[in-house]
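For reference, the structure discussed in these notes is given below.
Each value in this text was obtained by applying a stated rule to the coordinates, not by laboratory testing. Only a predicted model underlies this, so the values are computations on that prediction, with no experimental measurement involved. Virtual Cβ from ideal backbone geometry, glycine too; neighbours counted across all protein chains shown.
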Amino acid sequence: METALMVDVHCHLTAREFEGKLDLLIRESIDSGVGVMITSGLGYEDSLKVLEISDYRRIYPSLGVPPHDLAGYERVLELIEKEKARIIGIGEVGLDYWRGSRSSRNVQERVFEEFIELAKSLDLPVIVHSRSAGKYALEILFREKAERVIMHAFDGKASHAMRAAGRGYMFSIPPSIVRSVQKQKLVDKLPLDNLLLESDAPVLAPDRNRVNHPKNVKISAEWISRIKGISFSRVVDKTTSNAVEVFGVRV
Ligand SMILES: [Zn+2]
């Protein structure tokens with residue numbers, strides 16, 4: 001049996017770094033075994049661009065707003081409502097206690113709750129950014145009884161992640177795992193059933209100083225394979241079937 005194509009469940013193809021280079025990026029991704037990319041909006045203007053570049057073959061849209069820069073988030077809520085039939089997820093949304101000021105935390109939490117409620121009412125998965133706030137983001141998700149959840153580039157403790165995995169939450173693993181003992185631990189602890197591949201391109205490259213590319217999800221898969229002592233093709237097959245299940249994309 002042939003190995004499945006990989007799914008990059010979280011990237012930012014509207015980034016300036018990729019301007020005018022999307023055709024090439026898609027070709028390079030396919031050549032590297034990546035069949036589908038889910039591109040996430042960062043705010044209203046960016047979310048409009050996300051819808052514009054989505055072809056529903058290789059590129060699928062998710063709309064959101066960065067938690068440390070929430071200006072105009074109401075328009076993103078409205079856009080999601082309006083485009084609910086065209087999107088496959090809500091995000092990224094969440095909490096950022098690293099960039100956000102301490103005083104903004106209450107606002108971040110309140111807005112995050114609004115997005116979770118919308119995701120629940122539309123029955124869409126939510127892609128969660130939780131930088132330096134993993135535990136707090138999970139607490140809110142648990143409290144809100146969110147079910148379809150993807151924790152992207154989770155930087156919290158494996159013990160917290162395990163509680164979330166028990167509720168069926170998914171964790172997408174970026175190529176920066178090569179330089180992150182925390183992510184390596186996370187992969188070691190979490191079952192394969194709860195893992196997905198992400199690039200977060202253009203950021204979170206294996207080399208901090210390089211522009212990241214969706215094709216690098218292969219590196220995430222290689223590391224999962226090595227850490228778990230299972231074949232590369234099993235990792236790809238399972239993470240792809242996980243992505244198909246949670247997002248309903250066709251690969
Ligand atoms: Zn991102």
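Given R0 = 22 Å, the distance between the Cβ atoms of residue 178 and residue 232 translates into a calculated FRET efficiency of 0.90. Database remark: amide H of residue 151 closer than 5 angstrom to the amide H of 128, 170, 171, 172 (H placed geometrically; neighbours at sequence offset of 5 or more, or on other chains; Pro and chain starts carry no H). Placing dummy labels 7 Å off each Cα toward the beta-carbon, the span from residue 106 to residue 74 is 1.9 nm.
The percentage of C-alpha pairs in the stretch 25-109 whose separation is greater than 14 Å is 64%. Translational diffusion of the stretch 177-246 was estimated from the Stokes-Einstein equation, with Rh taken as the Kirkwood radius over Cα pairs; at 4 °C and 1.567 mPa s the coefficient is 105 µm²/s. In a simple Cβ point-charge model (Lys, Arg +1; Asp, Glu -1; nothing else charged), the stretch 114-235 has a dipole of about 460 debye relative to its Cα centre. Simple spin-label estimate for residue 123 and residue 51 gives 2.2 nm between the two label positions (7 Å along the Cα-to-Cβ direction from each Cα). About its Cα centre, the chain has a charge dipole of approximately 840 debye under the convention of +1 per Lys or Arg Cβ and -1 per Asp or Glu Cβ, with nothing else charged. Peptides 225-233, 116-124, ordered by how many other C-beta atoms sit within 10 Å of their residues on average, highest first, read 116-124, 225-233. Length, then width, then depth: along the principal axes, the Cα atoms of the chain run 46, 41, 34 Å. Taken along its principal axes, the alpha carbon cloud of the stretch 60-171 reaches lengths of 38, 32, 23 Å, longest axis first.
Sorted fewest first by neighbouring Cβ atoms within 10 angstrom, 56, 73 come out as 56, 73. Among 95-101, 199-205, sorting by the average number of other beta carbon atoms lying within 10 angstrom of each residue, highest first, gives 199-205, 95-101.
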